[in-house]
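Take a look at the structure below.
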Amino acid sequence: MAFRHALAFGVVLLGSGASAWAVDVAPHRALYKLTFGQAKPNSGIVGAEGTMAYEWGESCDGWTVQQRYRLHMHYAEDADVELVSNFVGFESKDGLRYRFDERKLKDGAVDEEIRGEARLNGVGKGGRVTFTHPKAQEMELAPGVMFPSAHTLFLIQRAKEGGNFVAAKVLDGAEEENAVDVTAVIGAVKPNAGADPVKSPLLERPSWRVRLAFFPADSKEDKPEYELGERLYDNGISTDMVLDYGDFVIRGALDKLESLPKPAC
């Protein structure tokens with residue numbers, strides 16, 4: 001389970017023709033409460049709860065993301081399971097370099113570790129991702145592949161322009177796979193949502209309801225692996241999340257929010 005939304009601040013070059021999109025996104029730390037939404041009768045899942053901490057910071061040459069979640073899954077006929085994940089990522093401000101490291105635990109034991117880095121040969125060009133764990137392997141990245149921060153900036157820019165559909169290939173390192181196909185449907189702008197239980201000046205901004213569908217790499221399936229609904233603010237903060245895995249749904253509600261400082265470069 002991974003939340004594929006990343007944050008950035010400043011100017012990043014996206015797409016062909018070296019078009020420059022300036023999107024100001026606030027570095028911040030957010031805590032979300034995870035709760036059980038619903039499940040199909042044959043899924044065997046009867047409940048879930050947990051927390052997710054998401055921290056996005058700025059360094060002089062890039063963006064850093066730390067994501068930690070703990071989720072307790074309850075089953076009708078099987079023993080409960082505790083899932084824990086710790087993810088750290090770095091993306092250069094030109095959108096061309098990306099490092100990622102994730103460690104997943106199941107009931108306290110290491111279940112999976114994924115580590116690697118990726119480089120693009122230029123804006124809109126292809127590149128290569130190199131995994132160093134769990135095994136050494138390399139994959140070619142097709143032209144147009146984006147890393148998470150660039151993708152979120154692209155979504156915000158398209159939303160500000162009034163666009164309502166975005167399709168892209170995104171590599172986030174959450175799984176040992178190539179870039180996944182992500183389609184996004186963007187709703188109408190809300191001048192100032194004001195509906196979130198957490199009150200903060202960071203949320204007194206325009207936002208859009210966004211629905212993202214994630215398809216596995218090189219998949220011909222018409223049905224996504226999972227979908228993520230969220231309210232995305234023009235400064236990059238996400239609230240009111242709904243993760244739909246088909247058989248069950250997990251909701252993420254913002255519980256705490258604070259700003260992070262910018263570096264003195």
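The values are calculated or read from the model by the stated rules, or taken from the named source; none is laboratory data. What you see is a predicted model, and the numbers here were worked out from it, not measured in a lab. In this analysis, Cβ positions are derived from the backbone assuming ideal geometry, glycine residues included, and neighbour counts consider all displayed protein chains.
So the values come out like this:
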| read-out | value |
| --- | --- |
| From the options Ala168, Ala174, residue that is in a loop (DSSP other than H, G, I, E, B) and either within 23 Å of Phe87 (Cβ to Cβ) or in contact with a Pro (Cβ under 8 Å, 6 or more places away or on another chain) (or both) | Ala174 |
| Positions within segment 141-176 being at pLDDT 95 or above and among the hydroxyl-bearing types (Ser, Thr, Tyr), in sequence order | none |
| Criterion: touching a residue at least 24 places away in the same chain (Cβ under 8 Å) and more than 27 Å from Leu243 (Cα to Cα) - qualifying residue of Gly62, Gly89, Gly44 | Gly62 |
| Any hit, segment 201-214, residues being surrounded by fewer than 16 Cβ atoms within 10 Å (Cβ to Cβ), within 19 Å of the chain's Cα centre (by Cα) and hydrophobic (A, V, I, L, M, F, W, C) | no |
| Residue check, Ser85 under 23 Å from Leu212 (Cα atoms), modelled with pLDDT of 90 or more, crowded, with 16+ Cβ neighbours inside 10 Å and not basic (Lys, Arg) | yes |
| Test set (1) surrounded by 15 or more Cβ atoms within 10 Å (Cβ to Cβ); (2) aliphatic (A, V, I, L, M); (3) within 19 Å of the chain's Cα centre (by Cα) - Leu120 fails condition number | (3) |
| Test: Ala79 is of a type outside the set (Ser, Thr, Tyr) and over 20 Å from Gly252 (Cβ atoms) | yes |
| Single unsatisfied condition, Thr35 versus (1) touching a strand residue (DSSP E or B) at 6+ places or on another chain (Cβ under 9 Å); (2) at pLDDT below 90 | (2) |
| Failed criterion for Arg128 (all others in (1) surrounded by fewer than 17 Cβ atoms within 10 Å (Cβ to Cβ); (2) at pLDDT below 95; (3) not aliphatic (A, V, I, L, M) hold) | (2) |
